[in-house]
Amino acid sequence: MVVTQLNLEFCFRGKKLRGFSCELTRSPHGVLPESFFTIMCQVVVPILLSGLCMMAAGLVMNTVQHWPVFVEVKDLLTLVPPLVGLKGNLEMTLASRLSTAANTGQIDDPQEQHRVISSNLALIQVQATVVGLLAAVAALLLGAVSREEVDVAKVELLCASSVLTAFLAAFALGVLMICIVIGARKLGVNPDNIATPIAASLGDLITLSILALVSSFFYRHKDNRYLTPLVCLSFAALTPVWVLIAKQSPPIMKILKFGWFPIILAMVISSFGGLILSKTISKQQYKGMAVFTPVVCGVGGNLVAIQTSRISTYLHMWSTPGVLPLQMKKFWPNPCSTFCTSEINSMSARVLLLLVVPGHLIFFYIIYLVQGQSVINSQTFVVLYLLAGLIQVTILLYLAEVMVRLTWHQALDPDNHCIPYLTGLGDLLGTSLLALCFFTDWLLKSKAELGDISELASGPP
């Protein structure tokens, strides 16, 4: 499909036309020209920076897991993936919505820009409060499966920590995303390529740090029986205020009314990843799980969010909701067409897939330099680790293509409905595959050790 875009600028003085300018752009791929090299250059720096932040988050997690509050309140570890996953449910969907709005010219007018920004910030505050509370409930229910008694004080601490962390992280990251998207628009950089990875990278580090500090604060003041209930009630009381602000924008109100299912389901999916993490993190054969989990989950979430945001922008620019372009008519495309054609979305999928192995190798090496011998560094584990990363990202990129087509065909906005599911699946896939890597490496080492013992036992006396 060849697309021709005509940009016209008219110059008026009073009511008289005094001049005009005309710019014609032709693209053989259906979007404004973006080469393989351009996409790579715009994506690689945010991905590397996000990886460094995720490594920092992993190191923070490796440290705070030994804090008294995390040792005593085990459900806090179950809470980590769904809360960190809020970057996908809230911040990354916000970044994707704003990127689409920027690329389609919706925030060029100052008055419209103010309305879009305020309503979006209000929306994520409502979502953060509700999802933060639901994440705590999910962590409690999953934790109750393996325990008989329920400590009311710990329940209150968990709920207050979750709600306050979600609120503070959503506000800080929401403001940052707005600044990045507007800045990228002014600099002529595609916000789709940079906003979502930055949201994800800082989301991991900021959310985990706030959770650790907030939960420790409530743990130190656990004798104050009214503190944690008061925090929960205060944020619940603020919810109607955010709803009133969000009413400025009809599209945002539509999300507020009908956009809960993807967020809640994604949170539940991430919670199962948290259950795997809490069950494995303290076992010797999974030593290092705390450091690598944010990196593996974050890289997959970053890359699939970029691809989803790009496909969504493509559809918003060149199609109408409910109508798929001719080359995207199939709901279940051939995997080769997802990765091996000359279409712009296939090209970006190849770029993102090529970043997986070198990115993970860089992150693994830096983690090894920082952590030293406490990190598994066998060749077998490194190969398994890279293979797990490739499998995770390949599955996610293909599912992104399928889900965006299905949601667009249903006249739904992929920015709001696809990214939560995909980042939630990324968390679950990443945690599961990483646990499998540790277990397989431990199993192979055990067999090798048993073989050596058998050889010694059968040797000459």
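The values are calculated or read from the model by the stated rules, or taken from the named source; none is laboratory data. A quick note: this is a predicted structure, and the numbers were derived from the prediction, not measured. Cβ: placed from backbone, ideal geometry, glycine included. Neighbour counts: every protein chain shown. Side chains are part of the model used for accessible areas, which takes the heavy atoms of the whole protein and leaves out ligands, DNA and RNA. Shrake-Rupley method; radii C 1.70, N 1.55, O 1.52, S 1.80 Å.
Here are a few things to note about the model shown:
- Candidates Ala153, Ala199, Ala237, Ala184, filtered to the one that is in contact with a Leu (Cβ under 9 Å, 6 or more places away or on another chain) and of a type outside the set (D, E, K, R): Ala199
- Residue-level check: of (1) at pLDDT 75 or above; (2) in a helix (DSSP H, G or I), Pro82 misses just (1).
- Looking only at the range 108-127, and only at residues there that are open to solvent by 10 Å² or more (accessible area, probe 1.4 Å) and aliphatic (A, V, I, L, M), the one that is nearest to the chain's Cα centre (by Cα): Leu121
- Applying a threshold of 8 Å to beta carbon distances and a minimum spacing of six or more residues, or different chains, the list of pairs starting in the range 107-122 at a residue that is in contact (Cβ under 8 Å) with a residue 40 or more places away in the chain and closer than 11 Å to Gln248 by Cβ and ending at one that is of a type in the set (D, E, K, R) and surrounded by fewer than 20 Cβ atoms within 10 Å (Cβ to Cβ) reads Ser119/Lys247.
- Top-ranked residue of the range 342-357 - restricted to ones that are exposed (fewer than 15 other Cβ atoms within 10 Å of the Cβ) and under 20 Å from the mean Cα position of the chain (by Cα), ranked as farthest from Lys287 (Cα to Cα): Leu354
- In the range 237-250, the qualifying residues are those that are exposed (fewer than 15 other Cβ atoms within 10 Å of the Cβ) and assigned to a helix (DSSP H, G or I), and the one that is modelled with the lowest pLDDT is Pro250.
- Val268 vs. criteria β-branched (Val, Ile, Thr), assigned to a helix (DSSP H, G or I) and open to solvent by less than 30 Å² (accessible area, probe 1.4 Å): no
- Complete set of residues in the range 323-341 that are among the aliphatic types (A, V, I, L, M) and crowded, with 19+ Cβ neighbours inside 10 Å: Met328
- Qualifying residue in the range 397-408 (condition: free of Cβ contacts under 8 Å to residues at least 40 places away in the same chain, open to solvent by less than 10 Å² (accessible area, probe 1.4 Å) and assigned to a helix (DSSP H, G or I)): no
For (1) of a type in the set (D, E, K, R); (2) out of contact with any Ser or Thr (no Cβ under 8 Å at 6 or more places or on another chain), each residue gets a yes or a no:
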site: Pro46; (1), (2): no, no
site: Met55; (1), (2): no, yes
site: Trp67; (1), (2): no, no
site: Leu83; (1), (2): no, no
site: Arg97; (1), (2): yes, yes
site: Gln111; (1), (2): no, yes
site: Leu121; (1), (2): no, yes
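- Condition met for Cys179 (at pLDDT below 90 and surrounded by fewer than 16 Cβ atoms within 10 Å (Cβ to Cβ)): yes
Listed here are the residues, each with its yes/no results for (1) closer than 30 Å to Met347 by Cβ; (2) within 19 Å of the chain's Cα centre (by Cα); (3) without any contact (Cβ under 8 Å) to a residue 12 or more places away in the chain.
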site: Val155; (1), (2), (3): no, no, no
site: Leu158; (1), (2), (3): no, no, no
site: Leu176; (1), (2), (3): yes, yes, no
site: Ile180; (1), (2), (3): yes, yes, no
site: Ala184; (1), (2), (3): yes, no, no
site: Asn193; (1), (2), (3): yes, yes, no
site: Phe217; (1), (2), (3): no, no, yes
site: Ala236; (1), (2), (3): no, no, no
site: Trp242; (1), (2), (3): no, no, no
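- Criterion (among the hydroxyl-bearing types (Ser, Thr, Tyr), in a helix (DSSP H, G or I) and in contact (Cβ under 8 Å) with a residue 24 or more places away in the chain) met by exactly one of Ser346, Ser337, Ser342, Ser312: Ser312
- Residues that are hydroxyl-bearing (Ser, Thr, Tyr) and surrounded by 15 or more Cβ atoms within 10 Å (Cβ to Cβ), drawn from the range 212-236: Ser215, Ser216, Tyr219, Thr228
- Taking (1) open to solvent by 40 Å² or more (accessible area, probe 1.4 Å); (2) at pLDDT below 85 in turn, Leu361 satisfies each apart from (2).
- Enumeration of residues in the range 177-203 that are out of contact with any Lys or Arg (no Cβ under 7 Å at 6 or more places or on another chain), of a type in the set (A, V, I, L, M) and over 20 Å from Gly105 (Cα atoms): Ile198, Leu202
- Residues that are among the small types (Gly, Ala, Ser) and in a helix (DSSP H, G or I) were ranked within the range 364-396; the one that is most open to solvent (accessible area, probe 1.4 Å) is Ser374.
- Extreme residue, modelled with the lowest pLDDT, among residues of the range 413-426 that are in a helix (DSSP H, G or I) and open to solvent by less than 10 Å² (accessible area, probe 1.4 Å): Asp415
- Flag if Ala170 is touching a Leu at 6+ places or on another chain (Cβ under 6 Å), assigned to a helix (DSSP H, G or I) and of a type in the set (Gly, Ala, Ser): yes
- Any hit, the range 401-411, residues being touching a helix residue (DSSP H, G or I) at 6+ places or on another chain (Cβ under 9 Å), modelled with pLDDT under 90 and more than 20 Å from Lys283 (Cα to Cα): yes
- Here Val231, Val126 are screened, and the one residue that is at pLDDT 85 or above, outside any loop (DSSP other than H, G, I, E, B), over 25 Å from Gly426 (Cβ atoms) and not polar (S, T, N, Q) is Val231.
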